[in-house]
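Working notes, beginning with the structure itself.
Derivation of every value follows stated rules applied to the coordinates shown; laboratory data play no part. These numbers come from a predicted model, not from an experiment. Glycine gets a Cβ as well: all are built from the backbone with ideal geometry, and neighbour counts include every protein chain shown.
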Amino acid sequence: MPPAPSRPPADVAHRLAVLAAHRAASTPDPRVGSVVAPAGWTPRAPAAGPAAVRGGAAGPPDDEPDVPGPARPDAAPDAPRIDPPDAPRDDGPDAPHAVPPDGPWDPSVVSALAHAAASLPPTASRTRWVPGWRAAGAAALVLALAAGGVALRASSAPRGEPVVVPTPAVDVRAGVDGDPGPSAERDGAGDPAQQVVVHVVGAVASPGVVQLALGARVADALEAAGGTLPDAETGAVNLARVLVDGEQLVVPVVGATPPAAAAAPADDGLVDLNGADAVALQELPGVGPVLAERIVERRDERPFTTVDELDEVTGIGPALMERLRPRVRV
Amino acid sequence: MSSGSAVAALDLRLVPPAVAAWCAALVVVHAPASAVRAVPAAVVALVVVSCAVAAAAARHVVRAARRTAAPRRTPPSRLGRLGSGPRAVAPAVVLAAVAAAAVLVSGAAGSAVRVPEAITAAADSGRTVEVVGRVAAAPRAGSGGDPRVRTPVAVSAIRVDGTWRRVRAVLEVVAPSGAPVDAVVRVHGVVREPSSGVSGRLRAGAPLRLTASEEPRVTAPPRPVQRWAARVRHGAHTSAAGLPPDVRGLLPAVTVGDTAGVPDDLVTAMRASGLAHVMAVSGAHFAILGTLVLAATAAVGLPRALRVAAAAAAGAGLLVVVGPEPSVVRAAVMGGVGLVGLLAGRRAAGPAALATAVLVLLVVDPQLAVDVGFVLSVAATAGLVVLGAPLVARWSARIGRDVAALLAAPVAAQLGCLPVTLALWPTLGPWAVAANLAVTPAVAPATVLGLLAALLAGSWPALAGVVAAGAGAACWWIAAVARCAAALPGAGLAWWPGVAGAVAALVVLVAAAVLVLRDEDDDADDDADTQARRTIRG
């Protein structure tokens, strides 16, 4: 390769260097070998860049003492960039171009670090802080695309528009993470998991236990129980409520006191959270009309299953909760 | 981006944009939400300014090109075609401005939707709501003896006042029990602001909390991939079941980052001895696995593309097993960066890859800027990338290159982390580096064998037990080192607390780094001379 006639721009010189490095590595050039490396040594490509420039592209250093290295003008001896004697294995059969990662190298972090250190360039004058216009443009484009993607995703985010959530298809009870067994088993369980079983009593044609699809409403349960009797007080039950497996539905007769309310001041003296009306609830310490109304609202939405759920009601904090706990039941 | 060629110069071109992006992300995080939402105007201004700068610079470049069209060309300066002077840095300025603008835009867009109005309204009213969503990560035990567990749930719909509304947000569900990762759950509860504490302040982007009194109702099982991942995680526990308590707790922690079973006193000891990072899934996990897969595929003789693909697949598998949490994704990215930086065999590639990762991650999620895990990750990787190779070069003359590399990796990472850890926990652990050195040989076997045992636990428990015993031995060593180092005198020296301490640490560190990098030039040359002479003679 002839010495560069004039000083080429850094890019061209650099490409020459890479070419030369590859050539020097793949076809051992005796001249290169005699200049930069003892016979039998092959510089690895990344490390050999600067070394091969002087050996291959720019000729022996003596020809042109002031050749500006493409990356390192203050030319120091380049011997350090030569690899240790184990380098020739880079020329193994599956590594025709002797790019280091192609050879049967030992890619442990430690040896890689060692290798990186071996190919360590001098640092003082070799840092690049400023990108060229082209590189900066490419990077800016990528960043703009990334930011645009984020903005696009954000703009497509739902903003709380109403949606119909399908009622749960499968009630998979599975343990906490790490215990996939139950969920895997229940997967194929099919029917039993998709059903709710409720007990309908009161003013219906055929009171008893009925099975319904999961997600069925109270109205469906009443229908399954033969429909309500003419004197049923349908206003006392929330027909639209989703059934909970294992519950008992009581359909009162018109004029009858709701059974639960009647049971409120029960023998044990506890107030039934699901049964007591707002007035009965107000007898509890610290519960006024507002709070009682909220408790009723909460249980209309979903009956209490444990006393602890009281704490979900706004206005019932831990202190009040402790005072209420011994006085209520579900 | 960084040129893929064999330029041996240390490529710091993307560092200024990364720093600018980080500053912008800090603005996004700390500025009031209303101000951040007004960002588009500011961004327009920023873009106009940077375009003006770019135009001015371009005009200058054109003029310069005309001038240099004359036969007598000035020789390239020391910095190559970069030249010097204020105009030469215009591309860097523009790129930094673009990076900052990208982060601001992304932050503004993100903050508008991070907490949907439907949820904030529910939090303000304090009413019971019902949500549907997928479990985003493994449930964590409550802090301070709270028996309830905290489960992050990616909520897709919320029911307020009887109407379901579509939303997209992550809520932390506090409930008596959790649910398997990736299962679809329905849960009732009250939305509240997270309690602010030290950790609350550190994590500015902490999600809102949904307090429920009953366990979440699982309405759909996890998807098959996640079910497999759960089985592997479960395997990490079962395979360690027969081992001593320290090991039994540490094995799942080291392999899949599940610290639930680690005894409290061991956690304290690990923290005091600077080994806490071993218990979390960090970039090191991905780097270790990646190197192992690369080595194995290289031994088999696969072509390079397949090797890289296999390593990437292994990384993706680990990502799925460990969980899709953002911190793990971030660790995977940083691990990939570390791997690229190390295996490319070029020191030049390291900083460029790190800066690229930081830039992209910050643009995607500006909240990371104040995430302790992210900061530590970046600091450790930066230490490894900047200091690792010079340290090896310095030490290899005396103790041989392999030993030097073995020592340099933990030392460089520790040094990188030092300013951050000192700022957060102003306690200097003088034994941390020594403890990390002592632990280094055990971490890789513990991780790899532990993962292998977890994979085998389902299909071949006997072999899994044998493999787990090997991993357990490594874990025992880690625990022993932690306890020993924590018990040594002066295990926790008080450091100057606060920002001043961090700045002091940073100054000391930079000074040390500069000394190392400076001397290393001469040392390397001396080294090289002797080496060359020796080889020529031989």
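Here the stretch B:94-131 is scanned for amide nitrogen atoms under 19 Å from the site 7 Å beyond the Cα of B:Glu193 along Cα-to-Cβ, giving B:111-128.
The string of couplings for the stretch B:467-482 from the Karplus curve (6.51, -1.76, 1.60, θ = phi - 60°) is 5, 5, 5, x, 4, x, 4, 5, 5, 4, 5, 4, 5, 5, 4, 4 Hz, one whole number per residue in order, with x for Gly and Pro. Note on A:Val290 and B:Leu488: the model spin-label points, each 7 Å out from Cα along the C-beta direction, lie 6.2 nm apart. Phi-derived couplings, Karplus 6.51 cos²θ - 1.76 cosθ + 1.60 at θ = phi - 60°, listed residue by residue for the stretch B:288-304: 4, 4, x, 5, 4, 5, 4, 5, 5, 5, 5, 5, 6, x, 6, x, 4 Hz, with x used for Gly and Pro. Model label sites at A:Ser206 and B:Val508, defined 7 Å from Cα along the beta-carbon direction, differ in position by 8.5 nm.
Return the FRET efficiency for the residue pair A:Val254, B:Arg223: r is the Cβ-Cβ distance, R0 is 51 Å, and the value is rounded to the nearest 0.05. E(calc), rounded to 0.05, equals 0.50. Residues whose amide H falls under 5 Å from that of A:Val163, counting only those 5 or more places apart or on a different chain, are B:Trp164, B:Arg165, B:Arg166, with hydrogens built in the peptide plane. Residues whose amide H comes within less than 5 Å of that of A:Gly202, counting only those at least five positions distant or on another chain, are A:Val251 (H built at 1.01 Å from N in the peptide plane).
Averaged over the residues of B:406-414, the number of partner chain Cβ atoms lying within 10 Å of the residue Cβ comes to 2. The string of couplings for the stretch B:413-422 from the Karplus curve (6.51, -1.76, 1.60, θ = phi - 60°) is 5, 4, 4, x, 6, 3, x, 5, 5, 5 Hz, one whole number per residue in order, with x for Gly and Pro. Classify the stretch B:262-394: rounded, prolate or oblate, from the alpha-carbon gyration tensor (a ≥ b ≥ c, eigenvalue square roots; a/c under 1.5 rounded; otherwise prolate if a/b is larger than b/c)? Because its axes are fairly even, with a/c under 1.5, the stretch B:262-394 counts as rounded. The B:His30 and A:Leu239 beta-carbon pair, evaluated with R₀ = 45 Å, returns a calculated FRET efficiency of approximately 0.30. Cβ-Cβ distance of B:Leu463 and B:Ala56, R₀ of 41 Å, FRET efficiency by 1/(1 + (r/R0)^6): the value works out to about 0.05. In terms of other Cβ atoms within 10 Å, B:Leu319, A:Leu239 run from fewest to most in the order A:Leu239, B:Leu319. Within the stretch A:213-236, whose backbone N sits under 15 Å from a point 7 Å along Cα→Cβ of A:Gln195? Zone members listed by number: A:213-216, A:221, A:224-225. With the simple model of a label 7 Å out from the Cα in the direction of the Cβ, B:Glu117 to B:Ala500 spans 4.8 nm. Amide H contacts of B:Ala136: B:Val153, B:Ala154, B:Asp182, each under 5 Å away and 5 or more positions distant or on a separate chain (H built 1.01 Å from N in the peptide plane; Pro and chain starts excluded).
Could you tell me whether the stretch B:378-454 comes out rounded, prolate or oblate from its Cα gyration tensor? Rule is a ≥ b ≥ c as square roots of the eigenvalues, rounded for a/c under 1.5, then prolate if a/b exceeds b/c, otherwise oblate. Since a/c reaches 1.5 but b/c is at least a/b, the shape of the stretch B:378-454 is classed as oblate.
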